[in-house]
Amino acid sequence: MSALVIRPADRFDLPRLLDLYVHLDPDDARCPPEEAAAILDRLSRDEGSAVLVGAIGEKLVTTCTVVVIPNLTRGGRPYALIENVVTHADHRGAGFGRAVLSAAVGRAWEAGCYKVMLMTGSTKPSTLAFYEAAGFEPSKTGFQVRRIAVRAE
C-alpha cells in the first residue's frame, strides 16, 4: 500500500473530497460542484489557509481545513482555526487524522500564527482523546450562534 501524502486540495480533488465529507456528516447538504470550486479557489488565495487532504494513491482518506486569520493583537501575529476534520471510516485508527492535523498546525506555524484552535461538538471520549493525542488541549470555553442545526453525534 502507498504511503499517506498530505497536500492542499485542488479542483480535481473536489468530487472525492465531497464524498469524504459524508464520513463527517452523512446527512449534511452536499456543496454544489461549481460553488465548491469557487470556495476552494477563494480559500487557497488566503496565505496559509487550505483544505488539506491525505491521500493514499488516488484515494482521499482524511482531510481538514485550516484558516489563517489576520489579527491586530499579539503584535499583529495571526491565529488559525481548524475545521471539518474527518477520516474515512475504513481508515480510522491508522494515524491519518493525526497526520493531517499535524500538517495543518505546521502550516499555521509557518504563517506566523501564535495559536491554533479547533472546536468539536463531540462529547465522545474517543474523539476528545484523539484531539488531545494530536496535541490539542481543552483550554477555553467555546460559544457559537448557528444558522444550521447542530448535527447529531
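Let's test this: bin the Cα-Cα distances of the range 78-128 at 10 Å from zero up to the farthest pair and state each bin's percent.
The percentages, shortest bin first, are 23, 49, 25, 3.
Determine the calculated [θ] at 222 nm for the chain from helices alone, applying -39500 (n - 2.57) to every DSSP H run no shorter than 4 residues and normalising by the residue count; nearest 500 deg cm²/dmol.
On the way: 4 runs with 43 residues, N = 153.
-8500 deg cm²/dmol, from helical runs alone.
Where Rh is the Kirkwood radius over the Cα pairs of the chain, the temperature 20 °C and the viscosity 1.002 mPa s, what D in µm²/s does Stokes-Einstein return? Write out the running numbers ahead of the final one.
Values: Rh = 16.3 Å.
Here the translational diffusion coefficient equals 132 µm²/s.
Below 26 Å, Cα to Cα, which lysines can K124 reach? Residues fewer than 8 away in the same chain don't count.
K115, K140
Where a number appears in this text, it was derived from the coordinates with a stated rule and is not lab data. Keep in mind the model is a prediction, meaning the values are calculated, not measured.
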